[in-house]
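Taking it in order: structure first as structure tokens, then the write-up.
Values quoted throughout were computed directly from the atomic coordinates according to the rules given, and no laboratory measurement underlies them. Quick caveat, the model's predicted, so the values are computed rather than measured. When we count neighbours, we look across all protein chains shown, and the Cβ atoms used for this are built from the backbone with ideal geometry, even at glycine.
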């Protein structure tokens, strides 16, 4: 009988000490969405008239707005600094455009904003037999909070 009581007490005591509870505080801060906008008149980077064996450089200014003092990073074309201007007449004919950023690719939104300049160099010096006509391409700029 005493054995049964001791066994019962041991079982109850191990059950009592087998669980525990912890409560803690959870918090978050909602920050402003990032806004990336061109400071030029429109969102078109126009190289104008090009000729074969020519280089033409253009710049475009941008502003980033968001929560003050938050860190950000800029990405051009998912990390690819080259975009192609593709001929509307012959899709296989392309003029490479080399991209870079003047300013910070990683920074902090002091006063809730920052500015940078995109530099684009269209280079047809190594491309032969380009058809005359219109060429078109797309550039993607992405800004992320870090």
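When the chain is treated as a Gaussian network with alpha carbon springs shorter than 10 Å, the biggest mean-square fluctuation among 44, 76, 95 belongs to 44. Were the residues from residue 7 through residue 84 laid out at 0.36 nm apart, the gain over their Cα-Cα distance would be 19.7 nm.
Between the C-alpha center of the stretch 104-146 and that of the stretch 29-77 there is a gap of 7 Å. What's the long-distance tail for the stretch 72-126, i.e. % of Cα pairs beyond 16 Å? In whole percent, the share of Cα-Cα pairs in the stretch 72-126 beyond 16 Å is 54.
Of the candidates 116, 47, 24, which one comes out as most mobile in a Gaussian network treatment of the chain with C-alpha springs shorter than 10 Å? Greatest mean-square fluctuation among the candidates belongs to 24.
The simple Förster model, with R0 at 30 Å and r as the Cβ-Cβ distance, assigns residue 129 and residue 100 a FRET efficiency of 0.60. With the simple model of a label 7 Å out from the Cα in the direction of the Cβ, residue 111 to residue 30 spans 2.7 nm. Modelled spin-label separation between residue 67 and residue 138, with each label point placed 7 Å from Cα along the Cα-to-Cβ direction: 3.0 nm.
Translational diffusion of the stretch 35-145, estimated by Stokes-Einstein from the Kirkwood radius over alpha carbon pairs at 10 °C in a medium of 1.306 mPa s, is 105 µm² per second.
Only helical runs count toward this figure. For the chain, summing -39,500 (n - 2.57) over DSSP H runs of n ≥ 4 and dividing by all residues gives -3500 deg cm²/dmol at 222 nm. You can think of it this way: the chain between residue 23 and residue 77 has 14.9 nm of extra reach, that is 0.36 nm per residue less the Cα-Cα gap.
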